[in-house]
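Asker: The structure's right below; bear with me while I get my questions together.
The values are calculated or read from the model by the stated rules, or taken from the named source; none is laboratory data. Bear in mind the structure is a predicted one, so any value in this text is a computation, not a measurement. Here the Cβ is made from the backbone with ideal geometry for all residues, glycine too, and neighbour counts use every protein chain on show. Ligands, DNA and RNA are stripped out before the accessible areas are found, and what is left, the full protein with its side chains, is counted by its heavy atoms. Shrake-Rupley method; radii C 1.70, N 1.55, O 1.52, S 1.80 Å.
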Amino acid sequence: MAGDALIELRGVNKHYGKLHVLQDIDLTVGRGEVVVVIGPSGSGKSTLCRTINRLEPIGSGTITLDGHPLPEEGRELARLRAEVGMVFQSFNLFAHKSVLANVMLAPVKVRGRKKEDAERRARQLLERVGLAAHADKYPAQLSGGQQQRVAIARALAMEPQALLFDEPTSALDPEMINEVLEVMQQLAQEGMTMVVVTHEMGFARSAANRVVFMADGRIVEDRTPEEFFTAPESDRAKDFLSKIL
Ligand code: ADP
Ligand code: MG
């Protein structure tokens with residue numbers, strides 16, 4: 001069913017000591033939707049990403065994935081967590097494993113896939129991110145943009161229902177940013193559900209269904225890119241946009 005809620009946060013609050021890092025967060029991400037999260041440094045964007053699959057515990061509120069509440073811990077959490085892939089600013093590839101092995105690893109270890117099947121699928125995914133010819137190289141032999149594309153292939157290898165990206169291009173040299181954004185753009189067109197924290201406003205304008213603007217741990221605006229970029233409502237968003245555009 002298209003358009004139903006895949007990720008839903010209701011009344012989510014989280015503290016780090018006295019810091020109220022997430023305040024009454026309500027967020028719904030529909031299946032096939034691309035939600036871009038923007039906001040000043042320290043506003044809670046990374047924390048939001050990590051709470052979505054409970055890499056971080058929350059203080060109060062509920063998080064559901066495809067209608068299933070995420071439990072605090074246990075097997076069911078592990079199963080649901082695997083439905084949401086993550087791609088970070090630092091690619092976190094295994095340095096001593098080949099590109100192919102990096103992409104095959106989790107499907108074999110976590111999903112119990114047969115090696116031959118995992119390898120076939122890994123090669124398809126590397127083809128899809130334009131790296132079929134690099135399967136036998138090691139991460140250090142690749143550029144940052146290529147490593148990040150491997151990280152995307154590795155996330156896709158788990159056949160997740162959604163992907164979270166936390167500033168996937170922030171660590172890259174400028175000339176490598178587009179090759180990563182193009183892969184993400186392609187995934188968006190294919191209907192992948194995505195939550196993307198990024199400062200790439202071109203990507204937000206062209207790929208996002210919605211822009212969520214965060215400041216001080218709150219969602220201040222949640223609107224279409226067109227509405228957000230042409231007529232931001234809050235002073236915080238106006239101020240932010242005046243600095244980056
Ligand atoms: P953003 O990704 O928008 O820059 P973060 O989610 O990383 O923001 O951080 C939000 C706030 O929470 C910041 O003030 C940050 O210093 C603080 N913070 C993040 N992680 C931790 C942590 N593990 N312990 C304590 N404070 C943290
Ligand atoms: Mg961050």
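Asker: Kindly provide the GluC sites (Glu not before Pro) of region 90-197 that DSSP labels as loop, not H, G, I, E or B, and whose Cβ sees at most 15 other Cβ atoms within 10 Å. Write down the numbers at each step before the final one.
Answerer: Working: sites: GLU116, GLU119, GLU127, GLU175, GLU179, GLU182, GLU190; in loops: GLU190.
The qualifying sites are GLU190.
Asker: Tally up the carbon and sulfur contribution to the accessible surface of region 67-201 as a whole percent, 1.4 Å probe, everything protein left in place.
Answerer: The computed percentage sits at 48.
Asker: Moving on to the next point. For ASP222 and SER242, calculate 0.36 nm times their separation in residues minus their Cα-Cα distance, and state this gained length in nm to one decimal.
Answerer: Between ASP222 and SER242, full extension yields an extra 5.4 nm.
Asker: Accessible area per residue, 1.4 Å probe, Å², for the chain: what's the number?
Answerer: Normalised by residue count, the accessible surface of the chain is 47 Å².
Asker: For the residue pair LYS18 and VAL110, what label-to-label distance in nm results when each label sits 7 Å from Cα along the Cα-to-beta-carbon direction?
Answerer: 3.8 nm
Asker: Right, next: Just ALA162, ALA78, ALA215 to compare: in a GNM of the chain, with alpha carbon springs under 10 Å, which one fluctuates most?
Answerer: Comparing ALA162, ALA78, ALA215 in a Gaussian network model of the chain, the most mobile one is ALA78.
Asker: What angle, in degrees between 0 and 90 and rounded to the nearest 10, separates the Cα long axis of helix 174-189 from the longest principal axis of the Cα atoms of the chain?
Answerer: Rounded to the nearest ten degrees, it is 90.
Asker: Using all C-alpha to C-alpha distances in the chain, build P(r) with 5 Å bins and read off the rounded percent in each one.
Answerer: Calculated P(r), rounded to whole percents: 1, 6, 14, 17, 19, 17, 13, 8, 4, 1, 0.
Asker: Say each of ASP235 and GLU56 gets a label point 7 Å from the Cα, pointing the same way as Cα to Cβ; how far apart are those two points in nm?
Answerer: Computed distance between label sites ASP235 and GLU56 equals 2.6 nm.
Asker: In addition: Using 29 Å as the Cα-Cα cut-off, could you pick out the over-long pairs in LYS45/LYS137; LYS45/LYS114; LYS45/LYS115; LYS18/LYS45; LYS18/LYS109?
Answerer: LYS45/LYS137; LYS45/LYS114; LYS45/LYS115; LYS18/LYS109
Asker: Still on this structure: Which of the peptides 7-14, 56-63 is most tightly packed, and how do the rest follow, going by the mean number of other Cβ atoms within 10 Å of each residue?
Answerer: 7-14, 56-63
Asker: Quick one: dipole size for the chain, taken about the Cα centre, charges +1 on Lys/Arg Cβ and -1 on Asp/Glu Cβ, in debye to the nearest 20.
Answerer: Here the size comes out at about 900 debye.
Asker: What list of ³J(HN,Hα) couplings, whole Hz, do you get for region 49-61 from phi and the Karplus terms 6.51, -1.76, 1.60, once you set θ to phi - 60° and write x for glycine and proline?
Answerer: Running phi through 6.51 cos²θ - 1.76 cosθ + 1.60 with θ = phi - 60° gives 4, 5, 6, 4, 10, 6, 5, 10, x, 10, x, 8, x Hz.
Asker: Run through region 42-78 and list the GluC sites (Glu not before Pro) located in a DSSP loop whose Cβ has at most 16 other Cβ atoms within 10 Å.
Answerer: Listed in order of number, the matching sites are GLU72, GLU73.
Asker: Here's something else I'd like to know. What is the diffusion coefficient of region 65-139 in µm²/s, taking the Kirkwood radius over Cα pairs and the Stokes-Einstein relation at 10 °C with a viscosity of 1.306 mPa s?
Answerer: 114 µm²/s
Asker: Enumerate by residue number the trypsin sites (Lys or Arg not before Pro) in region 48-122 meeting two conditions: DSSP loop (anything except H, G, I, E, B), and at most 15 other Cβ atoms within 10 Å of the site's Cβ.
Answerer: LYS97, ARG111, LYS114
Asker: Under a 1.4 angstrom probe, counting protein chains only, how are THR224, THR47 ranked by accessible area, largest first?
Answerer: The ordering from most to least exposed comes out as THR224, THR47.
Asker: Determine the dipole magnitude for region 141-245: charges of +1 sit on the beta-carbon of Lys and Arg, -1 on that of Asp and Glu, nothing else is charged, the reference point is the Cα centre, and the result goes in debye to the nearest 20.
Answerer: Value, rounded to 20: 80 debye.
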